[in-house]
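What follows is one structure encoded as structure tokens, with my remarks underneath.
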Amino acid sequence: MEHKTQVSRTLLPLLVSLVLCLTFLGVGECFAWTGGIVGDGGVILHTYGMSAWFAQTSGTTNNLHDIAFADTNTAWAVGDGGVIRHTTNSGTTWTAQTSGTTNNLWGVFFVDSLSGWIVGDGGIIRRTTNGGTTWSTQTSGTSFRLYKVTFQSPNIGWAVGDQGVILYTPNGGGLWILQTSGTTSDLYGISFINTTAGFVVGNGSTTLRTTDGGTNWVLRAQPPGAQNVWGVSALNVNTAWIAGYGYGGGDWGGQIWNTTDGGGSWVFQRLVRGTSFRSISFIDSLRGWSVGNGGAILRTTTGDSVWTTQPSGTPNTLWAVTFTNIPPSSGVEETAGVRDLGLGIRVTARPNPFASFAAIPGHEAERFAVYDVSGRQVGTYKGDRIGEGLSPGVYFVGAHGRAPLLRIVKVR
């Protein structure tokens, strides 16, 4: 009886999440999304449908600082002591991978199920091209701690860390180049929307933006009341959300701000006493999550100052929240036409159906991921050559890892 009760308690959050997801989002989008949160003490939380979070067994008690998905089944979590945990079944089981270092790891990013990078203490950067079976060292040129790493393609990426360090690679990490950040503040978070436009945040209310791939980083306005800014999630070149710690609403606590003018000004949106937010992630212009100290999870479905608490089941600090998606593979397809791909405006592909390639008007220079109906990413294309070289069939276009997805049809 005790075992059955424990099983019921374990499954209840998942069942609630699935029921709410299917009720309000439908089969297609419900099963197109999965999300993960990691934290101190080896905490890993997982969600389908984003309505509830349930704990998974990570197999480690080391603090976990970041998590990355390649698809809804495949993910990696990294943390203290060089620990890497890996799943290929949506977290039903997590297994150890050998990182080749005992340095604390703070960031991880994968562009697909094979190619990924980890960063951490001592300026360490390591890369895998076989899904984490083996990792090789890359030369960062710094001994400062690196907190986050992100890529916009298998070649183009950035890493940020202490003392204002911003590193850029044009070739998958074969060469890492120090960019001029214009600050000596520790930098904790980074978010790019394409190969040219991105935001960086850090200690002492530091916010930076680039529109030329980091050739020039421009110091932006200080968020009101901010003491530290840990997380950033950019939606387009002008719109971004950030989270951290500061004073607002008459008290100290975890704070959330957003900008719609490229960081020229930041608007205070929410404060929660007794916490400090460590990460923030938006999947479109309305839906976002932020996590932090004391097991705090906040969610918005309106993209404004209305944020509600979700139970985490842990008092531990939560360091990262992230989501991934694949196209619906259950036979439910998105209607071809106009979709909001998280770029801040609604876009379409023309022509659609197409014989050679399609274009996304107004976003010809940006890059988009294209998936087949099984959810496998088949390539990354510029907005003026979407689907070029693909075999005839139905495909889905996604912008910088976000849903919803635009259905496209190649006819010959």
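Read-outs throughout are calculated quantities, based only on the coordinates presented, and are distinct from any laboratory measurement. These figures come from a predicted structure and were not determined experimentally. Note: ideal-geometry Cβ built from the backbone for every residue, glycine included; neighbour counts use all protein chains shown.
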Checklist entry - Taking other Cβ within 10 Å of each residue's Cβ, how do R126, R385, R220 sort, fewest first? => result R385, R220, R126
Checklist entry - Quick one: T275, T180, fewest Cβ neighbours within 10 Å first, how do they rank? => result T180, T275
Checklist entry - Just for the Cα atoms in the range 280-328, what are the lengths along the principal axes, largest first, rounded to whole Å? => result 33, 26, 14
Checklist outcome for this item: Neighbours of G122 by Cβ distance under 14 Å: Lys/Arg at +1, Asp/Glu at -1, summed charge -1
Checklist entry - Got a sec? How would S312, S136 order by Cβ neighbour count within 10 Å, fewest to most? => result S136, S312
Next on the checklist: So, R0 is 41 Å and r is the distance between the beta-carbons of N216 and R385; what FRET efficiency does that work out to, to 0.05?
Outcome noted: 0.90
Next on the checklist: Give me the mean projected area, in nm² to one decimal, of the convex hull enclosing the Cα positions of the range 2-325.
Outcome noted: 15.2 nm²
Checklist entry - With the dipole of the range 2-325 worked out from charges on the C-beta (+1 for Lys and Arg, -1 for Asp and Glu) around the Cα centre, which of W106, T195, N62 lies farthest toward the positive end? => result N62
